[in-house]
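> Just dropping this structure here.
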Amino acid sequence: MSRKERGVIKVDKERSLLTHQNPKSPIAEQYRTIRTNIQFASVEEDMRTIMVTSSGPMEGKSTTIANLGVVLAQQGKKVLIADTDLRKPTVHYTFRVMNTRGLTNVLTRQAELPDVTTATEVPNLDVLTSGPVPPNPSELLGSKAMDTLIEEALTHYDIILFDCPPVLAVADSQIIANKVQGTVLVISSGTTEREAAVKAKERLDSAKGKLLGVVLNRKKMKDGSYYYYYAQK
């Protein structure tokens with residue numbers, strides 16, 4: 001089935017894409033602040049390949065990357081969210097996409113990239129699901145085929161966002177960190193331990209990844225907003 005035949009997939013409201021559902025909300029404004037900070041993170045080059053990860057599971061990275069993708073698309077950028085969490089993928093849940101084919105099919109030369117990307121109901125925002133869970137995620141993500149996929153995607157999209165697994169769980173995120181221009185680390189207020197956050201940063205540094213900043217998730221601020229962005233100095 002072609003991308004056109006699959007049509008536009010509606011987002012899953014249960015996963016709270018407030019930037020799309022309620023773009024005037026305080027949370028949506030915080031995501032726009034994150035977008036602005038990322039765009040000013042490097043004055044020498046445009047940030048076109050960015051991965052989002054966390055130190056551990058359930059810290060909000062997938063919700064963060066989905067909403068970040070929305071606000072970038074709202075700015076007129078052509079955006080692709082690629083699910084590179086090949087162990088526990090979630091992008092297809094967020095956007096209600098069939099995950100029968102996706103990234104792994106392209107990496108194993110069973111499909112072409114345009115045939116497995118899907119448009120969402122958000123203008124300018126497409127998704128690339130993980131595809132079937134492979135037995136060798138790290139090897140696939142570190143392969144030359146992954147480099148080729150990124151190069152091809154950049155000919156179709158202004159920005160590619162990579163939803164990666166937690167840094168402390170597996171080596172996959174370190175592999176991707178070495179292939180992209182920048183990384184955003186998501187931590188959860190009251191859940192993420194300080195030591196875990198520090199270790200996550202150290203592993204990204206050891207992979208020679210560029211940490212753009214940290215999103216502190218689920219932190220209720222005095223002004224009523226729930227997301228805070230710390231720009232890496």
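> With (1) at pLDDT below 95; (2) open to solvent by less than 10 Å² (accessible area, probe 1.4 Å); (3) part of a helix (DSSP H, G or I) as the list, and S62 as the residue in question, which single condition is left unmet?
(2)
> Another question about this same structure. In the range 141-173, which residues are in a loop (DSSP other than H, G, I, E, B) and hydroxyl-bearing (S, T, Y)?
Filtering the range 141-173 for residues in a loop (DSSP other than H, G, I, E, B) gives 142-143, 154-158, 164-171.
Those that are in a loop (DSSP other than H, G, I, E, B) and hydroxyl-bearing (S, T, Y): S143, T155, Y157.
> Going by what's in this entry, would T53 be described as at pLDDT 90 or above, surrounded by fewer than 22 Cβ atoms within 10 Å (Cβ to Cβ) and either outside any loop (DSSP other than H, G, I, E, B) or touching an Asp or Glu at 6+ places or on another chain (Cβ under 9 Å) (or both)?
Working: at pLDDT 90 or above: yes; surrounded by fewer than 22 Cβ atoms within 10 Å (Cβ to Cβ): no; either outside any loop (DSSP other than H, G, I, E, B) or touching an Asp or Glu at 6+ places or on another chain (Cβ under 9 Å) (or both): yes.
In short, no.
> Right, another one. Sort through H92, H156 and tell me the only one that's open to solvent by 10 Å² or more (accessible area, probe 1.4 Å), over 23 Å from K201 (Cα atoms) and in contact (Cβ under 8 Å) with a residue 40 or more places away in the chain.
Details: H92 fails: in contact (Cβ under 8 Å) with a residue 40 or more places away in the chain.
The match here is H156.
> In the range 96-122, how many are polar (S, T, N, Q) and either open to solvent by less than 20 Å² (accessible area, probe 1.4 Å) or in a helix (DSSP H, G or I) (or both)?
Within the range 96-122, the first condition is being polar (S, T, N, Q), and the residues that meet it are 99-100, 104-105, 108, 110, 117-118, 120.
From what's left, either open to solvent by less than 20 Å² (accessible area, probe 1.4 Å) or in a helix (DSSP H, G or I) (or both): 104-105, 117-118, 120.
Looking only at that region, the number is 5.
> Okay, moving on. Quick check on my filter: what residues within the range 168-177 are in contact with a Lys or Arg (Cβ under 7 Å, 6 or more places away or on another chain) and modelled with pLDDT of 95 or more?
Narrowing the range 168-177 to residues in contact with a Lys or Arg (Cβ under 7 Å, 6 or more places away or on another chain): 168, 170, 174.
Within the range 168-177, just Q174 meets the criteria.
> Looking at the range 67-77, is at least one residue closer than 26 Å to A171 by Cβ and surrounded by 15 or more Cβ atoms within 10 Å (Cβ to Cβ)? Before the answer, list the steps.
Taking the range 67-77 as the starting set, the residues that turn out to be closer than 26 Å to A171 by Cβ are 68-69.
Cutting the leftovers down to surrounded by 15 or more Cβ atoms within 10 Å (Cβ to Cβ) gives us 68-69.
Within the range 67-77, one or more residues are closer than 26 Å to A171 by Cβ and surrounded by 15 or more Cβ atoms within 10 Å (Cβ to Cβ).
> Residues that are at pLDDT 95 or above and closer than 18 Å to A41 by Cβ: does the range 208-215 have at least one? Explain how you work it out, then say what you get.
Start the filter on the range 208-215 by keeping residues that are at pLDDT 95 or above, which leaves none.
No, the range 208-215 contains no residue that is at pLDDT 95 or above and closer than 18 Å to A41 by Cβ.
> Still on this structure, I have one more. Check the range 12-33 and report whether any residue there is among the β-branched types (V, I, T), surrounded by fewer than 24 Cβ atoms within 10 Å (Cβ to Cβ) and without any contact (Cβ under 8 Å) to a residue 24 or more places away in the chain. Can you show your working first?
First, the residues of the range 12-33 that are among the β-branched types (V, I, T): 19, 27, 33.
Filter once more, keeping what is surrounded by fewer than 24 Cβ atoms within 10 Å (Cβ to Cβ): 27, 33.
Applying the additional criterion that residues be without any contact (Cβ under 8 Å) to a residue 24 or more places away in the chain yields none.
No, because not a single residue in the range 12-33 is among the β-branched types (V, I, T), surrounded by fewer than 24 Cβ atoms within 10 Å (Cβ to Cβ) and without any contact (Cβ under 8 Å) to a residue 24 or more places away in the chain.
> Okay, moving on. How many residues, within the range 35-46, are surrounded by 17 or more Cβ atoms within 10 Å (Cβ to Cβ) and either of a type in the set (F, W, Y) or outside any helix (DSSP H, G or I) (or both)?
Going through the range 35-46 one residue at a time, the tally reaches 1.
> Restricting the search to the range 68-103, which residues are of a type in the set (S, T, N, Q) and in contact with a helix residue (DSSP H, G or I) (Cβ under 9 Å, 6 or more places away or on another chain)? Give the steps one after another, and end with the answer.
Keep residues of the range 68-103 that are of a type in the set (S, T, N, Q), which gives 74-75, 84, 90, 94, 99-100.
Passing the criteria: Q74, Q75, T84, T90, T94, N99.
> Could you list, in sequence order, the residues of the range 104-125 that are within 19 Å of L68 (Cβ to Cβ) and hydrophobic (A, V, I, L, M, F, W, C)?
Of the range 104-125, the ones within 19 Å of L68 (Cβ to Cβ) are 117-125.
Scanning the range 104-125 gives A119, V122, L125.
> Here's another thing I want to ask about it. Could you look through the range 174-212, keep only residues that are polar (S, T, N, Q) and part of a loop (DSSP other than H, G, I, E, B), and pick out the one that is surrounded by the most Cβ atoms within 10 Å (Cβ to Cβ)? Before the answer, list the steps.
Our first condition is that a residue be polar (S, T, N, Q); within the range 174-212, this holds for 174, 178, 181, 183, 188-189, 191-192, 206.
Within this subset, residues satisfying the condition of being part of a loop (DSSP other than H, G, I, E, B) are 178, 181, 189, 191-192.
Numbers: N178: 13, Q181: 17, S189: 16, T191: 15, T192: 23.
The extreme case among them is T192.
Yes/no per residue for (1) open to solvent by 10 Å² or more (accessible area, probe 1.4 Å); (2) among the hydroxyl-bearing types (S, T, Y); (3) under 25 Å from L17 (Cα atoms); (4) at pLDDT 95 or above:
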residue	(1), (2), (3), (4)
N124	yes, no, yes, yes
L128	no, no, yes, yes
G131	no, no, yes, yes
K144	yes, no, no, yes
D147	yes, no, no, yes
E151	yes, no, no, yes
L161	no, no, yes, yes
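The values are calculated or read from the model by the stated rules, or taken from the named source; none is laboratory data. Source: prediction; values computed, not measured. Heads up, the Cβs are rebuilt from the backbone with ideal geometry, glycines too, and the neighbour counts pull from every protein chain shown. Heads up: the accessible areas ignore ligands, DNA and RNA and are worked out on the full protein's heavy atoms, side chains in. Shrake-Rupley method; radii C 1.70, N 1.55, O 1.52, S 1.80 Å.
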